[in-house]
Amino acid sequence: MKFEVTILGSSSATPVYNRNPTAQLLNCNEKFYLIDCGEGTQQQLIRYGIKASKIDFIFISHLHGDHYFGLIGLLSSLHLNGRIKELKIFGPAALQEILAVQFKYSETIIRYPLEFIVTDTLGPAQIFENADLVVETVVLNHRIPCTGFRFTQKKRLRKLLVEKLEADGVGLEYYPLLKRGVDLDLTDGRRIINSEYTIDSEHPRSYGYCSDTLMDERYFKGIAGCDLLYHEATFLHEMLDRANQTHHTTALQAAEVAKITGASKLLIGHFSSRYKTLQGLLDEARSGFEATELAIEGVTYTI
Ligand SMILES: [Zn+2]
Ligand SMILES: [Zn+2]
């Protein structure tokens, strides 16, 4: 099953050096989940040949503009392009109010169903589930209420050893039960031990998304053991005081978070406009956590 994330925006605060404010597109089994929607997200989707109409779910972490100023434009374009499919938006309660005001004064009546699911920072919560994955919020520590998200694939059914089943004449009608791990008593008296005819499916992978936040151990549990952890790394560690003042994280801290929470891989982003080149941030993070990559716009990372 495809499980990958494409970076659309990697900049903090403002667009700079061809970097755009935060947005990412998660593809899980050809269903598309947009995570944050900074200014320029529509242009980035076009640039990388991604149809906005494929997006059915949008997750907004918080109400700083670099995480949602692209949203009204995207929603309007979907409307103008004739979308009728439902769209679900997950975000802070006030976002619903902001959108309503914008639609009110432009006298826009969105032609597709828009369902809004409120996230809050009272505690971590499961906010979505379908056949492919579960989404939980991660309560972050920022200047205004902010949640990260954890996307975890569901455990798949067991894989059948079809050649062996065929060789032993086990009928197709037994396959659904075998996939569920059941041992079988066939009508001819034979007993089929499940583990001899199936193997476990691959382990469910998970993607953690943490932007923006102070490093704070209270959210570590929510992102424990991610296969890929995205963590903001706005500054180099020499700017720790500035990071603390603005409730952001340094590259070295992002690496520490990845190490402590047992991530397999770390992706850093939300880069400050003070850094024209990003190698310093990458080197610093790698000094604490070797399996680190920079979030580069247009690049897709397998989870
Ligand atoms: Zn931000
Ligand atoms: Zn912010």
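Restricting to the stretch 157-191, count the residues that are within 28 Å of N29 (Cβ to Cβ) and either of a type in the set (S, T, N, Q) or touching an Asp or Glu at 6+ places or on another chain (Cβ under 7 Å) (or both).
Counting residues in the stretch 157-191 that are within 28 Å of N29 (Cβ to Cβ) and either of a type in the set (S, T, N, Q) or touching an Asp or Glu at 6+ places or on another chain (Cβ under 7 Å) (or both) gives 1.
Could you go through the stretch 82-94 and let me know if any residue there is farther than 21 Å from K54 by Cα and loosely packed, with under 15 Cβ neighbours inside 10 Å.
Checking the stretch 82-94: at least one residue is farther than 21 Å from K54 by Cα and loosely packed, with under 15 Cβ neighbours inside 10 Å.
Provide a single number: the residues in the stretch 42-69 that are open to solvent by 10 Å² or more (accessible area, probe 1.4 Å) and within 16 Å of ligand 2 (Cβ to nearest atom).
The number of residues fulfilling the criteria is 6.
Out of S211, S272, I need the residue that is within 16 Å of ligand 1 (Cβ to nearest atom) and modelled with pLDDT under 95. Which one?
S211
Sort through T277, T250, T300 and tell me the only one that's closer than 20 Å to G148 by Cβ and β-branched (V, I, T).
T250
Among the candidates Y219, Y230, Y209, single out the residue that is farther than 22 Å from I296 by Cα, in contact (Cβ under 8 Å) with a residue 40 or more places away in the chain and within 16 Å of ligand 2 (Cβ to nearest atom).
Just one listed residue meets the conditions, Y219.
I260 is checked against (1) in a helix (DSSP H, G or I); (2) farther than 23 Å from P204 by Cα and fails just one. What number does that condition carry?
All conditions are met except number (2).
Could you please find all residues in the stretch 30-40 being more than 13 Å from the chain's Cα centre (by Cα) and either over 22 Å from I98 (Cβ atoms) or more than 16 Å from ligand 2 (Cβ to nearest atom) (or both)?
Passing the criteria: E30, G40.
On the given criteria, is D36 open to solvent by less than 30 Å² (accessible area, probe 1.4 Å), in contact with a helix residue (DSSP H, G or I) (Cβ under 6 Å, 6 or more places away or on another chain) and within 16 Å of ligand 1 (Cβ to nearest atom)?
yes
Of all residues in the stretch 92-127, how many are over 21 Å from R218 (Cα atoms), at pLDDT 95 or above and in a loop (DSSP other than H, G, I, E, B)?
2
The values are calculated or read from the model by the stated rules, or taken from the named source; none is laboratory data. Please read all numbers here as calculations on a predicted model, not as lab measurements. Cβ: placed from backbone, ideal geometry, glycine included. Neighbour counts: every protein chain shown. The area values use the complete protein model at the heavy-atom level, side chains included, leaving out ligands, DNA and RNA. Shrake-Rupley method; radii C 1.70, N 1.55, O 1.52, S 1.80 Å.
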